[in-house]
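K.L.:
Shown below is the structure under consideration.
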Amino acid sequence: MPRQSFAERLAAKQREISVSEFFERNKHILGFDSATKALLTSVKEGVDNALDACQEYGVLPDLLVQIDRVDRDEYHLVVEDNGPGIVKRQVPKVFGRLLYGSRFHTWSQTRGQQGLGISGAILYGQITTGKPAVVRSKTAQDDVAYQIELLIDTKRNRPQVLKRDFQVWDREHGTRVETHLRGRFINGRQSVMEYLRATAIVNPYARIVFQPPDGARRTFDRVSSELPRPPVEVKPHPYGVELGTLLQMAKESSHRRLTAFLQSDFSRISSRVAKEICREAEVPPESHPKNLNLSRAKRIHVAFRRVKIMAPPTDCLSPIGQRLIRTGLRNVVGSLRPEFYAPPVTRPPAVYGGHPFQAEVGIVYGGELPGDRPVEILRYANRAPLLYQQGACATAQAIESVDWRRYGLEQRGGRGMPYGPAIILVHVCATRVPFTSEAKEAISPIPEIVAEIVRALQESGRRLRSHMNKKARRAKTSEKFEIVRSVLPLMAEKSAKITGRPPPDITRTIAKIMNVIWIDERVVFEDGRHRVRVQVYNYTSARKRLALHAVLPLDALDEATVQPAPTQLRADGKASWKLPWIPPTEKVVIAFELVGLGRRGYEEGDLFVSGVPTTQVVGAEPLPGDWDLEATLSEGDDLPGDPLAEEVAESG
Amino acid sequence: MASQSQRARQRAVVRSLRGLAEKVYEHLEHGRIPEMSIPLRTKSNIRLNARTGVWTYGKAKGTRSAKTLKGAKMLLRTLYVLDFIRDMIQEGKSSTLRELYYISEGWEYAGFSTQDESNLLAEDLEILTGSLREDFRLRPEEDGARVMGNLTVEELNRRGEPKRFNCRDDVGDSGYGIPHNVEAEKLKLIDCDADFALAIETGGMFDRLVENRFDEDMRALLVHIKGQPARATRRFLKRLNEELGLDVLTFVDGDPWSFRIFASIAYGAIKTAHISEYLATPTASFLGITASDILNYDLPAADLTPQDAKALRDIQSDPRFGDRFWRDEVELMLEVGKKAEQQALAKYGLDYVTDVYLPEKIAQLGLG
């Protein structure tokens, strides 16, 4: 028998490095490195999978997560969804092979991106307990569910089905995965409960029932029936493709000419651009993609950067959106009665290395949120919560680089984690989220991404500051308000009674004490309507004239109820009122009604004033420079008491 | 049946109250922010009046202005109280300070939130109008003193009949209880056969001296002042001193709170410095218990609490306690860190206080 060469022996050994060994060796990057984390990762893989399936199928998710304790450190995990189900013959492949499925090679915004997915969780359970997973699935066409017990053949990375069965199942369609695994169940930070709570915030259209091993069942109710549109698959943009991927794609391409391959397997490459790339790379455009060798591929990869190519399309992204962020936060943290929900900010899409992405931020402030510790950060990538490695994450780095003192939170030295009663939610969605590791625990701090998050944070921070300014000035002024509204009239009455004289005129005293224009917005919700009254009190000693501006939610505005009619109402909802002269201590009222917003759909509007020095105004902000008023309304120099300016403004 | 002079006095009070309301009215009428200024009632603003020997308010004034909510509410309450007092005077009624507090509940917005506030306001009005609480028909509910000793008084009873008592022979063991109003129109001091008045802080010690017949043996008039003495008690002591020429000796516990009791008798209280001339007995002397007594008599003593120590340090910055005697005593007490009760003297037997301690201390003061 000929002696085996060293290389051959080595090759034999290499074959034996099975998937399971690979898994064992790389547990830490796959999210299974501790018993606590392993349980959480298993839940996460199951839930991500379930939510993705429901969203793709266009059904409002209804999830069950159940954890039972079997032994000291063995748990039984069930994740069940009402997704489309999987056709019978695909079930073993989907759950019994690592890195199977289209996902690894497509570019679309899904939760369970890049990772090992549910099969990783199944494999972990199999390795640690030796028990098979039980998968049950039913499609809308099936009468009964199909159920299998399955192990992963770790040598060949193939499913091994132990038992097949049919089961009656009361779900119309859906999938249920049961695994046994070694783990540890905890409460508090980085727990399953925290993960599910965070998931519920950004998926308010999902109903999630969680049965922990000990203690009461917790249900996160569905509070929105607005399902985000399913993610759109896009072809890779040349800027985001690595050399290895390019080679792989060329090998797998169904096209026979290089130009055709470039043109149809990538986005933003026209036939003209394809030819230009070939010319630049000095590769024959007619050559067969399968024959693309390394040196040619390298030249093409370089040429991608030299040729002008349009930025990737961004309409494939599906941000959570302002409304759902607000709804989700309210649903989950509402019991802490926060004093302010800053209107969430969704940035326009941007691009990093050929991948479109979008950043979103929501801030909740005050109420019963604890104020003596760092703010709570809720991090998300493609709607999936991130619980570990906060320090390494682009979101945390962005938050730490913002000077929060400007926005009313405490922060030592204007850098680092801010302190205060606040929750900051950051969501990054992308066709490919650049995670720091396969465990999908943190977003790489790529400069473009950090910059976009910072912009969103600043925008949201400005809303927070404006709220706090308003609150502080109101508090200061509301004391004076109480004096002039409640105390002075009684004082006048009583002093008149004792002295036996007619009640004195307190107008001038009121003006002297207040010396502000007080704008007070009252919102009453009744009969499904928000009745809004904005009262403008002139508590100064001279008559005043000003313009009030507000952004009205046009889709909810009952225009017939707007009193008085605005001087101008624009298509974007920006409304302006040129108010009449208001004598000292008198007021003008603006009223309007909103329909169909739901009790919490409107709490306070953004009010702006112009035409008076803004230091005299409480309850509204100065008109921002970008308000973009038409000439007739720009009253910047139309100061009160200047009739000439008045005429010019009116005739203009 | 008010006398001619009483009616004149009432008219004066009503006039000065009306004057305060008029000021507020004028301020409003002229578009100004109503305000009132009154002397600051703090220990930094009391001065020794060299002529009378008592401590009264200095020149520092605080302003209560409607510019702040607190000030505005205070002014409004002042008007309500003025109105209320005026009504009482016109209807010939009177009320207790506690009743005033409860009546204010009906004023809703102008109501007081604690009785301290209404008590303070009543004192403010005394200062602003130069009248006495009694002129406003406001009575305290605090208890007046009990007296035991050979003093004959004549009190006008509820029916307006004069009744004469001897405070030793015509009373039981608890002595004669003085009324709230101890002015001459109500209470006449007829005759006295005693060498000094002894103001005693605790009931236990008063009863001990009564039982031991200290009043008879030492020709003393025993006055139980019941802790911090009521205005009537302080006024009564002053009358004993001024009209009958009795020395007033103060016998209290040996701790900072009791030192303050002495100060209110001898120098005038900070809170009522506007009427110190009327209430304080500048010649009153402090008999004990002193810090030195604790050492000299080796009395059973308790450790000073942090609050005690703080009160002692406050005393060190209180101008009324500026003399050598007090500086030394307070310093000593802080140094030994101990305080003692009057009744600690019982360590040496029930009669020790009357047989040994008091005679020795009185002799030291040069009275025995």
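K.L.:
Using the structure shown, decide if residue A:275 is surrounded by 15 or more Cβ atoms within 10 Å (Cβ to Cβ), in contact (Cβ under 8 Å) with a residue 60 or more places away in the chain and either among the basic types (Lys, Arg) or assigned by TED's automatic domain parsing to the domain that holds residue A:351 (or both).
P.N.:
no
This table checks each residue for (1) within 25 Å of residue A:477 (Cβ to Cβ); (2) touching a strand residue (DSSP E or B) at 6+ places or on another chain (Cβ under 6 Å); (3) open to solvent by 50 Å² or more (accessible area, probe 1.4 Å).
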| residue | (1), (2), (3) |
| --- | --- |
| A:509 | yes, no, no |
| A:517 | yes, yes, no |
| A:533 | yes, yes, yes |
| A:554 | no, no, yes |
| A:558 | no, yes, no |
| A:574 | no, yes, no |
| A:578 | yes, yes, no |
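K.L.:
Restrict the check to the range A:469-480 and report whether at least one residue is touching a residue at least 12 places away in the same chain (Cβ under 8 Å), of a type in the set (A, V, I, L, M) and either assigned to a loop (DSSP other than H, G, I, E, B) or away from chain B (no Cβ under 14 Å) (or both).
P.N.:
no
K.L.:
Here is a check on your reading of the model: is residue A:347 at pLDDT 90 or above, surrounded by 15 or more Cβ atoms within 10 Å (Cβ to Cβ), outside the structural domain of residue A:429 (by TED's automatic domain parsing) and not hydrophobic (A, V, I, L, M, F, W, C)?
P.N.:
In short, no.
K.L.:
Could you check the range A:593-607 and list, in sequence order, the residues that are open to solvent by less than 30 Å² (accessible area, probe 1.4 Å), among the hydrophobic types (A, V, I, L, M, F, W, C) and in contact with a Pro (Cβ under 9 Å, 6 or more places away or on another chain)?
P.N.:
A:594
K.L.:
List every residue pair whose Cβ atoms sit under 7 Å apart, with the two residues 6 or more apart in sequence or on different chains, where the first one lies in the range B:28-50 and is within 8 Å of chain A (Cβ to nearest Cβ) and the second, anywhere, is open to solvent by 60 Å² or more (accessible area, probe 1.4 Å) and basic (Lys, Arg).
P.N.:
Every condition considered, the pairs that remain are B:31/A:508; B:31/A:512; B:33/A:512; B:33/B:67.
To keep it simple, each residue is scored yes or no on (1) within 24 Å of residue A:49 (Cα to Cα); (2) without any contact (Cβ under 8 Å) to a residue 40 or more places away in the chain.
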site	(1), (2)
A:378	yes, no
A:382	yes, no
A:400	no, yes
A:423	no, no
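K.L.:
Right, here's the next one. What residue, among those in the range B:312-334 that are more than 24 Å from residue B:361 (Cα to Cα) and out of contact with any strand residue (DSSP E or B) (no Cβ under 8 Å at 6 or more places or on another chain), is least open to solvent (accessible area, probe 1.4 Å)?
P.N.:
Selected residue: B:318.
K.L.:
If you don't mind, another one. Looking at the range B:53-71, can you tell me whether even one residue there is out of contact with any helix residue (DSSP H, G or I) (no Cβ under 8 Å at 6 or more places or on another chain), in contact (Cβ under 8 Å) with a residue 40 or more places away in the chain and either closer than 13 Å to residue B:24 by Cβ or away from chain A (no Cβ under 14 Å) (or both)?
P.N.:
Within the range B:53-71, one or more residues are out of contact with any helix residue (DSSP H, G or I) (no Cβ under 8 Å at 6 or more places or on another chain), in contact (Cβ under 8 Å) with a residue 40 or more places away in the chain and either closer than 13 Å to residue B:24 by Cβ or away from chain A (no Cβ under 14 Å) (or both).
K.L.:
To continue, here is another question. Quick check: anything in the range A:432-450 away from chain B (no Cβ under 14 Å), within 30 Å of residue A:596 (Cβ to Cβ), at pLDDT below 90 and open to solvent by 60 Å² or more (accessible area, probe 1.4 Å)?
P.N.:
no
K.L.:
Continuing with the same structure: Would you pick out the residues in the range A:288-326 that are farther than 30 Å from residue A:198 by Cβ, part of a loop (DSSP other than H, G, I, E, B) and out of contact with any strand residue (DSSP E or B) (no Cβ under 7 Å at 6 or more places or on another chain)?
P.N.:
If the condition is that a residue be farther than 30 Å from residue A:198 by Cβ, part of a loop (DSSP other than H, G, I, E, B) and out of contact with any strand residue (DSSP E or B) (no Cβ under 7 Å at 6 or more places or on another chain), then A:288, A:292, A:293, A:307, A:308, A:309, A:310 are the ones that fit.
K.L.:
So which residues in the range B:138-167 are surrounded by fewer than 21 Cβ atoms within 10 Å (Cβ to Cβ) and in a loop (DSSP other than H, G, I, E, B)?
P.N.:
B:140, B:141, B:142, B:143, B:150, B:157, B:158, B:159, B:160, B:161
K.L.:
May I pose another question? Tell me whether the range A:188-202 contains one or more residues that are of a type in the set (Ser, Thr, Tyr) and open to solvent by 50 Å² or more (accessible area, probe 1.4 Å).
P.N.:
No: the range A:188-202 contains no residue that is of a type in the set (Ser, Thr, Tyr) and open to solvent by 50 Å² or more (accessible area, probe 1.4 Å).
K.L.:
Conditions first: (1) open to solvent by 80 Å² or more (accessible area, probe 1.4 Å); (2) of a type outside the set (Ser, Thr, Tyr); (3) in a helix (DSSP H, G or I). Residue B:309 passes all but one, so which condition is the exception?
P.N.:
All conditions are met except number (1).
To keep it simple, each residue is scored yes or no on (1) out of contact with any helix residue (DSSP H, G or I) (no Cβ under 7 Å at 6 or more places or on another chain); (2) of a type in the set (D, E, K, R).
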position	(1), (2)
A:224	no, no
A:239	no, no
A:245	yes, no
A:248	yes, no
A:256	yes, yes
A:260	yes, no
A:263	no, no
A:271	no, no
A:281	no, no
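K.L.:
Additional query: Report yes if residue B:130 is outside the structural domain of residue B:286 (by TED's automatic domain parsing) and touching a residue at least 60 places away in the same chain (Cβ under 8 Å), otherwise no.
P.N.:
Yes: the conditions hold for residue B:130.
K.L.:
Please note which strands (runs of 3 or more DSSP E) are completely contained in the range A:486-596 and include at least 2 residues that are more than 14 Å from chain B (Cβ to nearest Cβ) and without any contact (Cβ under 8 Å) to a residue 24 or more places away in the chain.
P.N.:
Here the list reads A:516-526, A:557-563.
K.L.:
Turning to a different aspect of this structure: Do any strands (runs of 3 or more DSSP E) entirely within the range A:331-403 hold 1 or more residues that are of a type in the set (Lys, Arg), and if so, which?
P.N.:
Because the criterion is at least 1 residues that are of a type in the set (Lys, Arg), the strands (runs of 3 or more DSSP E) in the range A:331-403 that meet it are A:376-381.
Yes or no, residue by residue, for (1) among the hydrophobic types (A, V, I, L, M, F, W, C); (2) surrounded by 20 or more Cβ atoms within 10 Å (Cβ to Cβ); (3) more than 13 Å from the chain's Cα centre (by Cα):
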{"site": "B:191", "(1), (2), (3)": "no, no, yes"}
{"site": "B:219", "(1), (2), (3)": "no, no, yes"}
{"site": "B:231", "(1), (2), (3)": "no, yes, no"}
{"site": "B:248", "(1), (2), (3)": "yes, yes, yes"}
{"site": "B:264", "(1), (2), (3)": "no, yes, no"}
{"site": "B:274", "(1), (2), (3)": "no, yes, no"}
{"site": "B:283", "(1), (2), (3)": "no, no, yes"}
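The values are calculated or read from the model by the stated rules, or taken from the named source; none is laboratory data. What you see is a predicted model; the values in this text were computed from it and never measured. Neighbour counts run over all protein chains shown; Cβ positions are idealised from the backbone, glycine included. What goes into the accessible areas is simple: the full protein's heavy atoms, side chains included, and nothing from ligands, DNA or RNA. Shrake-Rupley method; radii C 1.70, N 1.55, O 1.52, S 1.80 Å.
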